[in-house]
Amino acid sequence: MPVAALGRLCGALAGNDGEVGYRLDFGRDKLGTDYVDVHAQASLTMICQRTLEPFVLPVTVDSRLGLIRQERDEAGLPPGCEPLLVAEDGRLHPADVIEDELLLALPLVPVNPDSSLPDAIVNGGAPDQDEAQSQENHPFAVLRELKK
């Protein structure tokens with residue numbers, strides 16, 4: 001499925017290039033709970049919040065969603081199974097499910113793991129070595145200035 005077909009997801013991205021590979025496996029567990037296993041992979045273009053440059057973030061989703069008809073049924077889901085509220089008619093829109101899971105997998109603050117801060121920023125906030133050494137030798141130098 002093309003990333004461009006997922007409108008809500010595209011709103012969180014820097015670009016809508018690429019495709020989403022997915023697989024949905026439906027079933028019923030030993031307790032009789034209907035579920036869908038969602039497996040999706042995509043390379044999504046995001047803006048790095050450290051460098052403000054676009055980068056490609058590989059996203060993989062593997063989750064099990066318990067299909068429920070009413071919110072109170074959520075308590076009966078087994079551990080590790082997230083609830084998915086299904087409409088009264090029982091229809092499920094696979095693209096919406098995949099899009100929801102991809103949105104949940106996005107980082108709150110995307111940062112390119114290959115990026116680093118510029119040296120000017122890293123070293124800019126640190127005092128010079130001579131200044132730091134003079135402060136070490138004279139801890140009450142500030143008080144002397146106040147006395148004047």
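Any read-out appearing in this document is the output of simple, stated calculations on the displayed coordinates, not a laboratory observation. A quick note: this is a predicted structure, and the numbers were derived from the prediction, not measured. Heads up, the Cβs are rebuilt from the backbone with ideal geometry, glycines too, and the neighbour counts pull from every protein chain shown.
What full-extension length gain, to one decimal in nm, is calculated for residue 89 and residue 43 as 0.36 nm per residue of separation minus the Cα-Cα distance?
13.2 nm
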Burial ranking of peptide ranges 72-82, 43-53 (average Cβ count within 10 Å, highest at the top): 43-53, 72-82
Karplus (6.51, -1.76, 1.60) ³J(HN,Hα), θ = phi - 60°, over segment 55-69, in Hz, Gly and Pro reported as x: 8, 9, 10, x, 10, 10, 10, 9, 9, 10, 10, x, 7, 10, 9
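Stretch residue 108-residue 60 to full length: gain in nm at 0.36 nm per residue minus the Cα-Cα span?
Contour length minus the Cα-Cα distance gives 15.7 nm.
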Taking the chain and dividing mean pair separation by its residue count, relative contact order in percent (alpha carbons under 8 Å, at least six apart): 18
For the chain: span of alpha carbons on each principal axis (Å, largest first): 83, 37, 23
Ranking of 55, 140 by count of other Cβ atoms within 10 Å, fewest first: 140, 55
Helix-only mean residue ellipticity at 222 nm for the chain, each DSSP H run of n ≥ 4 adding -39500 (n - 2.57), per residue, nearest 500: -6500 deg cm²/dmol
Label-to-label distance, nm, for residues given as residue 142 and residue 4 (7 Å Cα→Cβ offset): 5.9
Positive-pole candidate from 55, 6, 79, dipole of the chain, charges at beta carbon: 79
Sites matching trypsin sites (Lys or Arg not before Pro) across segment 1-43 that sit in DSSP coil, with at most 16 neighbouring C-beta atoms within 10 Å: 30
Other-chain or far-sequence residues with amide H under 5 Å of residue 14's (modelled H): 45, 46, 47
